[in-house]
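The values are calculated or read from the model by the stated rules, or taken from the named source; none is laboratory data. Computed from a prediction, not measured in an experiment: that's the story for all the values here. Note that each Cβ is placed from the backbone with ideal geometry, even for glycine, and that neighbours are counted across all protein chains shown.
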Amino acid sequence: MTNDMTNEINILLVDDEDSYREILSKRLARRGIHVLQAEGGEKALQILEKHPVDIIILDVKMQGMDGIECLRHIKERYEGSEVIMLTGHAEIHGGVEGIKSGAFDYLTKPVELEHLIRKIMQAHNKIRRCLAEKQEIEFKERVKQQMVVAERLVALGTMATGVAHEINNPLAVIKDSAGLLQQILSKPEMRTIPRIDDFEKGLERINKAVNRASKITQQLLQAVKTQTMDMVDPSTFVEVSLKELLEEAIALVEPEASLKQIKVSLKSVEPHPISWTDPFQLLQVLLNLLSNSIQAIAVDSGQITCSLSSSLEEAKIVIKDNGCGISKENLARIFEPFFTTKDPGKGTGIGLYVSWGIIANLGGLISVESDIGKGTTFTITLPVKK
Ligand SMILES: Nc1ncnc2c1ncn2[C@@H]1O[C@H](COP(=O)(O)OP(=O)(O)O)[C@@H](O)[C@H]1O
Ligand SMILES: [Mg+2]
């Protein structure tokens, strides 16, 4: 057994016999296994609160809280951990009791080191297997949700395009007519008509509103176009350092953030994740997410934490804020076009719709978790450069 296999395993050894615990810890440490120690059940639970571990080796017979009681607490609180019980020769029933309460296995004292390490490896393999299974289930669930959203968005997109076109025509008529009236009002013979100022102001307001409405329809048409592009144009793809791109996005929203005294931080792993993607489209998504976070934060203790990580397959960008959060009902709708909870003039409800389309086109996924009153976390997963 090499250190490579064991040095990623964290263990808590719980035994009230000091010398036995010390010696066993040392011997395990010599084999590259990192061991924390506790001299009793209560202490073990305290340690676990701060330093969760993969495997707990637990003596059955201890002063105070005994091993079985401690085991039950552990199993209640730390689903992913495995417990190996240690029993005296005379108390094998304790071990059996432990298995009934969810222990991985039990060994009788004095334990042979090789035997213990083999058990530890078995428990560790089980943990890894369970984790992989859990991740696979989560991944499938995410893809399924994504498909449901995709179908709805395509339907909504078709409808939205129709509506946008229909609205563009009357908007053009309103704009032309307002322009014509402004021209007529500016003629010298019209300058003396009563309440000319009110006419002018009214027309100005009509113009502004029309401009805003056409901007929305344009954005929407653009959004639907982005959404329905089956293929992205690979010629726009380059190697993108996600850290540099995120830094650029943060710098761009910095003035808006500092107005509200919001702290924006960035954590990244080494080496920095590199994706093969379209930097301009991705920047647009990051800006959308960051400005949503800024807008969701009202107090001056606001914080936005961005982090980057990557595996062999994918890179992850996480943008987390401690803003107002999103209710369950709204969470199901935030990617729809025009869905907004903001005042007119502040939100159009297009940002996330576009972002979703862009990320899907870049071969990635975008997901969200939110707790009302606590904050929101958006996660973007992108393919990495291979
Ligand atoms: N970080 C966030 N925190 C709270 N709510 C959010 C966040 N991001 C998005 N939302 C909700 O999703 C809605 C849609 O977002 P978006 O598509 O960007 O449109 P807009 O920002 O124009 O309203 C927002 O109105 C808001 O209710
Ligand atoms: Mg927005």
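Being among the acidic types (Asp, Glu) and within 13 Å of ligand 2 (Cβ to nearest atom) is the filter; apply it to segment 332-386 and report the residue that is nearest to the chain's Cα centre (by Cα). It comes out as Glu336.
The set of residues from segment 313-324 being over 30 Å from Trp276 (Cα atoms) and either among the aromatic types (Phe, Trp, Tyr) or more than 15 Å from ligand 2 (Cβ to nearest atom) (or both) comprises just one member, Asn322.
Here is a yes/no grid of residues against (1) assigned to a helix (DSSP H, G or I); (2) farther than 30 Å from Gln303 by Cβ:
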site: Leu156; (1), (2): yes, yes
site: Ser177; (1), (2): yes, yes
site: Phe199; (1), (2): yes, yes
site: Lys215; (1), (2): yes, yes
site: Glu244; (1), (2): yes, no
site: Leu266; (1), (2): no, no
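Would you point out the residue of segment 258-296, among those that are surrounded by fewer than 20 Cβ atoms within 10 Å (Cβ to Cβ) and more than 20 Å from the chain's Cα centre (by Cα), that is nearest to ligand 1 (Cβ to nearest atom)? This residue is Lys260. Among the residues of segment 256-266, is any in the same structural domain as Gly363 (by TED's automatic domain parsing), within 17 Å of Leu382 (Cβ to Cβ) and at pLDDT 95 or above? There is at least one residue in segment 256-266 that is in the same structural domain as Gly363 (by TED's automatic domain parsing), within 17 Å of Leu382 (Cβ to Cβ) and at pLDDT 95 or above. Note on segment 331-345: residues that are within 7 Å of ligand 1 (Cβ to nearest atom), over 30 Å from Ser241 (Cβ atoms) and surrounded by 14 or more Cβ atoms within 10 Å (Cβ to Cβ) amount to 3.
Note on segment 44-124: no enclosed strands (runs of 3 or more DSSP E) hold 2 or more residues that are touching a Pro at 6+ places or on another chain (Cβ under 6 Å), charged (D, E, K, R) and surrounded by fewer than 18 Cβ atoms within 10 Å (Cβ to Cβ). Is one or more of the residues making up segment 346-361 of a type in the set (D, E, K, R) and either without any contact (Cβ under 8 Å) to a residue 40 or more places away in the chain or surrounded by 15 or more Cβ atoms within 10 Å (Cβ to Cβ) (or both)? Checked against the condition, which is being of a type in the set (D, E, K, R) and either without any contact (Cβ under 8 Å) to a residue 40 or more places away in the chain or surrounded by 15 or more Cβ atoms within 10 Å (Cβ to Cβ) (or both), segment 346-361 yields no hits at all. Going through (1) exposed (fewer than 14 other Cβ atoms within 10 Å of the Cβ); (2) not in a loop (DSSP other than H, G, I, E, B) one by one, Val299 falls short only on (2).
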